[in-house]
Amino acid sequence: MDFQPANLFIRGVSLGPLVKLAKPMTFFKYLNIRYHRAIVEDASRASLLPPPQYVTNYRYYEPLEVLRALALPERPTHVLELDLVTGTELQGPAFINPLSPYSVTSLRSEHRFGNGIEFWILTPLSTCLANSGRVTALA
């Protein structure tokens with residue numbers, strides 16, 4: 001996580017390229033109980049999230065890495081697996097350094113992009129999901 005290209009996102013304004021998926025791909029959205037309880041309890045509710053949504057194609061973050069890299073306001077407890085269909089529009093990836101542990105706890109409102117592999121989904125999830133998604137608990 002220490003060696004990343006220059007930042008392509010500045011406070012949520014994307015400077016990355018637009019991408020249209022040429023084939024189905026799986027992406028992941030990290031969740032926590034406090035902010036995402038409905039999705040944790042029923043993954044089909046993910047399709048109701050309005051665009052844009054930020055996701056990553058990297059599944060194996062440690063919980064602390066997610067908290068620092070994605071600057072989530074609470075430690076993540078679950079991950080949502082999203083199978084996106086061909087033609088889904090995304091923007092990114094984003095490249096930004098992970099926050100320090102101090103910044104994570106002092107800048108809770110800075111719910112921002114993370115460590116080099118995050119994308120915006122610009123297409124409504126209700127139209128681009130191959131299925132309703134699966135939620136699994138982080139170890």
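The values are calculated or read from the model by the stated rules, or taken from the named source; none is laboratory data. Small disclaimer: the values here were computed from a predicted structure and weren't measured. Here the Cβ is made from the backbone with ideal geometry for all residues, glycine too, and neighbour counts use every protein chain on show.
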Which ones in segment 31-65 are in contact (Cβ under 8 Å) with a residue 40 or more places away in the chain and hydrophobic (A, V, I, L, M, F, W, C)?
L31, I33, I39, V40, A43, A46, L48, L49, V55
May I ask you to verify whether E89 is modelled with pLDDT of 90 or more, within 16 Å of W120 (Cα to Cα), out of contact with any Leu (no Cβ under 6 Å at 6 or more places or on another chain) and surrounded by 14 or more Cβ atoms within 10 Å (Cβ to Cβ)?
no
Going through segment 17-55 one residue at a time, which ones are buried (at least 16 other Cβ atoms within 10 Å of the Cβ) and touching a Lys or Arg at 6+ places or on another chain (Cβ under 8 Å)?
F28, N32, I39, A43, A46, Q53, Y54, V55
Please state which one of R75, R112 is in a loop (DSSP other than H, G, I, E, B), at pLDDT below 70 and out of contact with any His (no Cβ under 8 Å at 6 or more places or on another chain).
R112
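Of everything in segment 123-139 that's among the small types (G, A, S) and under 24 Å from P76 (Cα atoms), which residue is nearest to the chain's Cα centre (by Cα)?
This residue is G133.
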